[in-house]
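Before anything else, here's the structure in question.
The values are calculated or read from the model by the stated rules, or taken from the named source; none is laboratory data. Computed from a predicted structure; not experimentally measured. All Cβ positions, glycine included, derive from the backbone under ideal geometry; neighbour counts span all protein chains shown. Just the protein is used for accessible areas: all its heavy atoms, side chains included, with ligands, DNA and RNA removed. Shrake-Rupley method; radii C 1.70, N 1.55, O 1.52, S 1.80 Å.
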Amino acid sequence: MPGALPAPCPSQARPGWFAASSRGGSAAPAPQAGTAPGATPSASGDGAARLAPALVRCRLRCANSTAWPAGEPGPPPTLRDLLFFRQLLRRAACLRACAPSAPSRYLLSEELELEFRKRSPYNYLQVAYFKIHKIDKAVAAAHTFFVGNPDHVEMRQNLEYYQLMAGVKESDFTDLEAKPHMHEFRLGVKFYTEEQPQPAILHLEKALEEYFVADTECRALCEGPYDYEGYNYLEYNADLVQAITDHYVQVLSCKQSCVTELASQPGRDKPIEDFLPSHFNYLQFAYYNSENYEKAIECAKTYLLFFPNDEVMNQNLAYYTAVLGERLAAPIDPRENIRVYRQRSLLEKELLFFSYDAFGIPFVDPDTWTPEEVIPKRLLEKQNFFVSRVERETAARISEEIGNLMKEIETLVEEKTKESVDMSKFVREGGPLLYDGLSVTMNSRLLNGSQRVVVDGVISEEECVELQKLTNAAASAGDGYRGKTSPHTPSETFYGVTVYKALKLGQEGKVSMHSAWLYYNVTEKVRRVMESYFRLDTPLYFSYSHLVCRTAIKDKQTDRTDSSHAVHVDNCILNAEAMVCVKEPPAYTFRDYSAILYLNGDFEGGAFYFTELDASTVTAEVQPQCGRAVGFSSGLENPHGVKAVTKGQRCAIALWFTLDPRHSERERVQADDLVKMLFNTEEVDLSQVKGLEAELPAMTDTPRQSVEGKDEL
């Protein structure tokens, strides 16, 4: 894919225990209510819910009907205040109609509002519905309460009870308080993670629509009465301008807080960071995987409105532009509504920071993308001084803790040495290689890291040649990239084929079935070797497999500075500058171990290398050669990259494994089924496979997964 994506914050998928069950019985006690204040949940909730939308509509109507007419010249300076207040008075007159005609019987105390925010009424509703045998409504109420209170033990037990009830459907587990924009966003991220770009685009675009609806409503509700907070109402004696300033700054601060409100999820302590920009991070890559480069460019440029110096996104944009062509890419602009949103937000922040600096009215910026030039210099210096002081204190504390820890480790090592204990038993690697002819060339110690190994002799020279031919044959027949150049660099072409695709092509007689079966068998061999060598207690499952060849393009090597594949981590998003790796989508967080089996070494460049988290300090380098496999754990302990292939063709089988069977590769399951159908056995003598091409039955095509976003090594 075009570089490792930056770190959009994820939305967690629904926990597995929400799955419906058709089993009957009652293995758990009947649902019980927790403790909440007495209330009439349904009536109070419905009434309060009806008032807010009406108020929003009324306030927006008044704002629009009294706005300054478009295209009219501005008034002379002496009249500006009067004309401004004329508009204001007309708007105020309009707003009088927004208030209810009579005091509402649905006005809630602060304590009761808190209970509604905690979703406490649903605790009672689920019991009431259960007692009148409306089980579907009871399930929805229980689920709604639990989403907002994920640590509530009794409700967890209730949900487990409902799961065991006959007739309960998965669709009954509905969050009745779900925000439409957050619901769509989570669905979009779910499909994105499952590598289904089309539905991901559909839901993420819908999420953006719903986001701006929610944003408009949230901002309209901020225009309420002044909250005197620490002031005594009777002692507040601000003059006209100061009173207007106090109230307006309070309204602006409330409107800025809508960013946090819309990014918050029930039951979570923190909102999703950079929530709105993250939509475009997901979308640019989803559109890329759908081969819609115009939309990919639009979304990348939109994301760069917020983070103009983001290195990876700029690389992605450059790649998309190169594929589409500069002439077609140049006229594509960022989305206009986002440009206007950003412009308005920056002006609001500028006013709020000025108020903070001039009047001491606190403002906490909800965004991380705000440029420093918006913040007054004096205020910025204060913040930097505070941050640097905190950093110094934190660094000193960490250094002291590390020093104490090192002393403890030294003491432990001395004691173990005296006792002559073999420390190797504490390292989870070094297990048997299972097959004859294999040897460990480099282990973690020689590779200057942990959970790393280089194994030679995995396959023979003849097998390397056969698999290399398979890649090129499959590419000419139509590979998973449909003839596209590499997503990693425009200086190399890139062809690959999955195990399932190779077997299908073999069945159709387009490639050698013997070669396809060899490919299938070799991947299983590598899986078993990695599982045994790293002494894993649970089996490894295939997460993704790809036989790939990348070839240097002769006329694109001059002054080349990029890598064949930039440094990245396989199961988290690497931020080299901050030296952190965020294990959240769109990273493939379920990957646990990775392996690369090389098929040749007769090319220039293309070395595999490990680095520190800074992505620049190389800790070890491995030169590819036929039959050599590199295996390592997929986490932040093993950042890695591939140097530029400057001449020739580099071929390898890239493999990723997971310990979680739920993330087992779907194509692998299809390949297993196809092998069983073709050969009617789990193990086949390779010598028996030759000549089967003409005898195999035809098989209907299944939808093909896009693999353009994979991290190829």
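Taking segment 508-552 on its own, how many of its residues are of a type in the set (Val, Ile, Thr) and either free of Cβ contacts under 8 Å to residues at least 60 places away in the same chain or open to solvent by 40 Å² or more (accessible area, probe 1.4 Å) (or both)?
2
Applying the selection to segment 623-651, what residues are open to solvent by less than 20 Å² (accessible area, probe 1.4 Å), out of contact with any Cys (no Cβ under 8 Å at 6 or more places or on another chain) and part of a strand (DSSP E or B)?
Ala629, Val630, Gly631, Phe632, Ser633, His640, Gly641, Val642, Val645
State yes or no: is Thr589 in contact (Cβ under 8 Å) with a residue 12 or more places away in the chain, of a type in the set (S, T, N, Q) and not in a loop (DSSP other than H, G, I, E, B)?
no
Tell me, yes or no, whether segment 204-214 has at least one residue that is β-branched (Val, Ile, Thr), at pLDDT 90 or above and surrounded by fewer than 18 Cβ atoms within 10 Å (Cβ to Cβ).
Within segment 204-214, one or more residues are β-branched (Val, Ile, Thr), at pLDDT 90 or above and surrounded by fewer than 18 Cβ atoms within 10 Å (Cβ to Cβ).
Residues to consider are Glu612, Glu621; find the one that is out of contact with any Phe, Trp or Tyr (no Cβ under 9 Å at 6 or more places or on another chain) and not hydroxyl-bearing (Ser, Thr, Tyr).
Exactly one of Glu612, Glu621 is out of contact with any Phe, Trp or Tyr (no Cβ under 9 Å at 6 or more places or on another chain) and not hydroxyl-bearing (Ser, Thr, Tyr), namely Glu612.
Residues of segment 129-166 being of a type in the set (Gly, Ala, Ser) and in contact (Cβ under 8 Å) with a residue 60 or more places away in the chain, which ones?
Within segment 129-166, Ala138, Ala142, Gly148, Ala166 qualify.
Every residue in segment 326-356 that is open to solvent by 80 Å² or more (accessible area, probe 1.4 Å), acidic (Asp, Glu) and either touching a helix residue (DSSP H, G or I) at 6+ places or on another chain (Cβ under 7 Å) or outside any helix (DSSP H, G or I) (or both), please.
The answer is Asp333, Glu350.
Now for a different question. Considering only residues of segment 409-444 that are loosely packed, with under 11 Cβ neighbours inside 10 Å and charged (D, E, K, R), which is modelled with the highest pLDDT?
If we take residues in segment 409-444 being loosely packed, with under 11 Cβ neighbours inside 10 Å and charged (D, E, K, R), then Asp436 is modelled with the highest pLDDT.
Out of segment 592-622, which residues are in a loop (DSSP other than H, G, I, E, B), open to solvent by 20 Å² or more (accessible area, probe 1.4 Å) and either touching a residue at least 60 places away in the same chain (Cβ under 8 Å) or acidic (Asp, Glu) (or both)?
Matches in segment 592-622: Asp592, Asp602, Glu612, Asp614.
Can you list the helices (runs of 4 or more DSSP H) found entirely within segment 79-148 that contain at least 2 residues being modelled with pLDDT of 80 or more and of a type in the set (A, V, I, L, M)?
Those helices (runs of 4 or more DSSP H) span 120-131, 135-148.
Which one is farthest from the chain's Cα centre (by Cα), of the residues in segment 177-203 that are surrounded by fewer than 18 Cβ atoms within 10 Å (Cβ to Cβ) and in a helix (DSSP H, G or I)?
Pro180
Something else about it: Of the conditions (1) exposed (fewer than 15 other Cβ atoms within 10 Å of the Cβ); (2) assigned to a helix (DSSP H, G or I), Lys270 satisfies every one except a single condition; which number is it?
That leaves (2) as the condition not met.
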